[in-house]
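J.: Take this structure first; my questions come after.
The values are calculated or read from the model by the stated rules, or taken from the named source; none is laboratory data. Note that the coordinates shown come from a computational prediction; the quantities given were computed from them, not determined experimentally. All Cβ positions, even for glycine, are placed from backbone atoms using ideal geometry, and neighbour counts span all protein chains on display.
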RNA sequence: GGGUCCGUAGCUCAGCUAGGUAGAGCGAUGGACUCUUAAUCCAUCGGUCAAGGGUUCAAAUCCCUUCGGACCCGCCA
């Protein structure tokens with residue numbers, strides 16, 4: 001059974017799938033596993049006929065942990081201050097929104113319709129006040145759970161609440177002196193300020209290990225995917241589920257641990273080390289369904305090696321295979337192909353997309369203007385009189401990929417360079433000109449003509465083919481020749497050869 | 001120290017939450033053919049399912065142990 005269907009197979013009643021990513025920096029491909037896994041679970045739950053919701057909790061009341069490499073040193077003063085209370089690196093609005101915005105735009109593109117909930121907002125509107133009150137009143141129980149399950153040694157003065165200092169703004173520097181609903185009295189160790197927090201607003205927050213089950217409780221979360229870092233023994237899921245049971249008296253959500261996405265040949269992605277690709281970047285160089293596909297087709301417990309270079313083309317081929325199989329045009333290569341396709345596709349189609357990505361990658365290297373590109377596309381089966389938005393997007397995507405991620409050996413450009421030819425080579429090209437004027441301009445015909453000429457002249461095929469590549473793209477190898485020339489205008493081909501003879 | 005995942009053909013992996021004849025793609029080999037940004041078609045070869053033990057009429061599949069690999073957690077989330 002498909003992994004997502006398996007997770008929801010025993011559930012009954014209303015479901016709430018919850019995900020969360022901190023907007024402390026650029027949200028990268030690795031983070032996308034959280035949200036897309038959540039989306040797939042949500043869809044699987046709906047497909048099972050369960051009334052379901054899907055939320056993304058944006059942890060924007062979390063403090064800035066440190067001055068990340070992508071921040072300038074002026075951010076030192078904001079370390080410890082919640083992300084929603086720090087100015088954006090570009091000077092407009094909040095820090096958290098700066099990183100959230102491109103992420104949300106990406107979600108649009110990959111058809112993830114999630115309710116975005118700001119954690120700051122949750123606190124501010126008092127939605128977590130009941131949970132905070134309960135947690136504080138049961139702080140002995142929580143302390144015990146933390147000790148027994150996680151090995152934490154929290155002293156008796158510990159409170160499951162971190163006040164936000166009203167003077168310096170830091171949320172991780174105060175200790176609680178006393179609590180009387182709804183007020184927490186604290187002293188800030190950083191600036192010495194003594195103050196009062198109202199738990200009915202965002203004057204402070206619960207520490208993560210308490211906040212997580214508090215969210216389950218306050219929102220009614222029933223399904224939650226999370227990274228393996230939370231899944232270790234004694235980790236936050238372990239303590240969270242006990243706090244859920246003993247303190248909040250609820251059942252913890254069905255967990256789904258997922259592995260990381262690694263960059264092929266590089267390793268784990270970290271915003272801090274610079275080896276990461278922002279999610280907003282991926283949808284610029286890959287069709288949007290491919291990002292979904294990457295995550296939908298792999299079992300969450302398996303890590304994913306993401307290769308934005310040549311591997312991307314193979315991934316796209318793989319997707320096209322599954323799409324074709326879905327429409328009965330090809331034999332499936334995966335027993336879950338139907339579900340994988342349904343979870344990956346961006347919109348429902350009646351037939352597979354016609355234009356192959358590799359094909360576009362080749363065509364845009366030949367045709368630099370829309371008119372000739374459109375002509376070439378129409379020759380290869382595209383049947384609109386204009387370049388529609390979907391095709392336009394695909395072209396832009398392919399261009400961007402070629403420019404930034406494609407390996408050199410698949411790049412080429414039409415050559416106008418003069419090259420010196422031997423007599424033998426001139427003979428071959430002349431014969432080609434003679435044969436080619438009368439044929440139908442198809443890849444097969446062209447290939448046959450060339451093959452015949454090469455054979456007749458008794459030269460090694462390799463040399464014969466590379467001659468044509470030298471003439472047209474100034475390289476020794478290239479795309480399949482018949483296919484390639486068929487995509488060029490016949491008159492162009494003829495005149496280019498004539499120029500050289 | 002603890003945890004998760006992985007180990008099945010030369011390679012990448014499927015099969016494992018219904019235990020019932022060991023699978024696919026690629027590669028290799030042979031053949032056809034038009035060397036082609038991973039050409040196409042046909043055929044063949046190829047596995048003690050990491051190892052050991054247990055449960056069972058029956059184990060790649062369930063349980064235990066060991067070995068090897070990757071990753072995660074250890075008071076940050």
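J.: Do we have any residue at all in the range A:385-396 that's within 9 Å of RNA strand B (Cβ to nearest atom) and out of contact with any helix residue (DSSP H, G or I) (no Cβ under 6 Å at 6 or more places or on another chain)? Break it down stepwise before answering.
T.: Start the filter on the range A:385-396 by keeping residues that are within 9 Å of RNA strand B (Cβ to nearest atom), which leaves none.
Checked against the condition, which is being within 9 Å of RNA strand B (Cβ to nearest atom) and out of contact with any helix residue (DSSP H, G or I) (no Cβ under 6 Å at 6 or more places or on another chain), the range A:385-396 yields no hits at all.
J.: What's the total number of residues in the range A:103-132 that are surrounded by fewer than 16 Cβ atoms within 10 Å (Cβ to Cβ), in contact (Cβ under 8 Å) with a residue 24 or more places away in the chain and either over 18 Å from residue A:163 (Cα atoms) or within 18 Å of the chain's Cα centre (by Cα) (or both)?
T.: Of the residues in the range A:103-132, 5 are surrounded by fewer than 16 Cβ atoms within 10 Å (Cβ to Cβ), in contact (Cβ under 8 Å) with a residue 24 or more places away in the chain and either over 18 Å from residue A:163 (Cα atoms) or within 18 Å of the chain's Cα centre (by Cα) (or both).
J.: Something else now. Considering the range A:70-84 alone, what residues qualify as being at negative phi and within 16 Å of RNA strand B (Cβ to nearest atom)?
T.: Of the range A:70-84, the ones at negative phi are A:70-79, A:81-84.
Scanning the range A:70-84 gives A:78, A:79, A:81, A:82, A:83, A:84.
J.: Say we look at the range A:194-205 and pick out the residues that are under 27 Å from residue A:150 (Cα atoms) and in a strand (DSSP E or B); which of these is farthest from RNA strand B (Cβ to nearest atom)?
T.: Once the filter is applied, the top-ranked residue is A:204.
J.: Enumerate the helices (runs of 4 or more DSSP H) found wholly within the range A:412-501, keeping only those where 2 or more residues are exposed (fewer than 14 other Cβ atoms within 10 Å of the Cβ).
T.: A:423-436, A:443-456, A:461-473, A:490-500
J.: A further question on this structure: Mind counting the residues in the range A:134-156 that are touching a strand residue (DSSP E or B) at 6+ places or on another chain (Cβ under 9 Å) and surrounded by fewer than 17 Cβ atoms within 10 Å (Cβ to Cβ)?
T.: Qualifying residue count, the range A:134-156: 1.
J.: So which residues in the range A:139-164 are away from RNA strand B (no atom under 13 Å from the Cβ), part of a loop (DSSP other than H, G, I, E, B) and at pLDDT below 95?
T.: Passing the criteria: A:156, A:157.
J.: Identify, please: which residue in the range A:206-215 is surrounded by fewer than 24 Cβ atoms within 10 Å (Cβ to Cβ) and part of a helix (DSSP H, G or I) and is, among those, farthest from the chain's Cα centre (by Cα)?
T.: Residue satisfying both the conditions and the ranking: A:209.
J.: Still on this structure: Among the residues of the range A:28-56 satisfying the criterion of being within 16 Å of RNA strand B (Cβ to nearest atom) and out of contact with any strand residue (DSSP E or B) (no Cβ under 6 Å at 6 or more places or on another chain), which is farthest from residue A:336 (Cα to Cα)?
T.: Applying the filter and picking the extreme gives A:48.
J.: Go over the candidates A:159, A:95, A:181 one by one and state the one that is buried (at least 16 other Cβ atoms within 10 Å of the Cβ), touching a helix residue (DSSP H, G or I) at 6+ places or on another chain (Cβ under 7 Å) and not assigned by TED's automatic domain parsing to the domain that holds residue A:213. Let's see the steps before the verdict.
T.: Working: A:95 fails: not assigned by TED's automatic domain parsing to the domain that holds residue A:213; A:181 fails: buried (at least 16 other Cβ atoms within 10 Å of the Cβ).
Exactly one residue qualifies, and that residue is A:159.
J.: Are any of the residues in the range A:468-478 within 9 Å of RNA strand B (Cβ to nearest atom), under 12 Å from residue A:414 (Cα atoms) and modelled with pLDDT under 85?
T.: yes
J.: What residue, of A:334, A:362, is near RNA strand B (Cβ under 10 Å from one of its atoms) and surrounded by 17 or more Cβ atoms within 10 Å (Cβ to Cβ)? Quick ask: steps written out before the conclusion?
T.: Numbers: A:334 fails: surrounded by 17 or more Cβ atoms within 10 Å (Cβ to Cβ).
Within the list A:334, A:362, the selection yields A:362.
J.: May I pose another question? Taking the residues in the range A:1-27 that are touching a strand residue (DSSP E or B) at 6+ places or on another chain (Cβ under 9 Å) and in a loop (DSSP other than H, G, I, E, B) as candidates, determine which candidate is modelled with the lowest pLDDT. Lay out the reasoning, then the answer.
T.: So the first thing to find is which residues in the range A:1-27 are touching a strand residue (DSSP E or B) at 6+ places or on another chain (Cβ under 9 Å), and the list is A:3-4, A:7-8, A:10-11, A:14-24, A:26-27.
Still in the list and also in a loop (DSSP other than H, G, I, E, B): A:10-11, A:14, A:22-24, A:26-27.
Values: A:10: 79, A:11: 86, A:14: 94, A:22: 88, A:23: 91, A:24: 90, A:26: 88, A:27: 88.
It comes out as A:10.
J.: Then there's this: Among (1) in the same structural domain as residue A:102 (by TED's automatic domain parsing); (2) assigned to a loop (DSSP other than H, G, I, E, B); (3) more than 10 Å from RNA strand B (Cβ to nearest atom); (4) farther than 21 Å from residue A:136 by Cβ, which single condition is residue A:191 missing?
T.: Looking at each condition in turn, residue A:191 falls short on (1).
J.: How many of the residues making up the range A:397-409 are surrounded by 17 or more Cβ atoms within 10 Å (Cβ to Cβ) and out of contact with any helix residue (DSSP H, G or I) (no Cβ under 7 Å at 6 or more places or on another chain)?
T.: 1
J.: Additional query: In this structure, does residue A:194 turn out to be touching a strand residue (DSSP E or B) at 6+ places or on another chain (Cβ under 7 Å) and surrounded by fewer than 24 Cβ atoms within 10 Å (Cβ to Cβ)? Before you say what the answer is, go through the steps one by one.
T.: Working: touching a strand residue (DSSP E or B) at 6+ places or on another chain (Cβ under 7 Å): yes; surrounded by fewer than 24 Cβ atoms within 10 Å (Cβ to Cβ): yes.
So residue A:194 passes the test.
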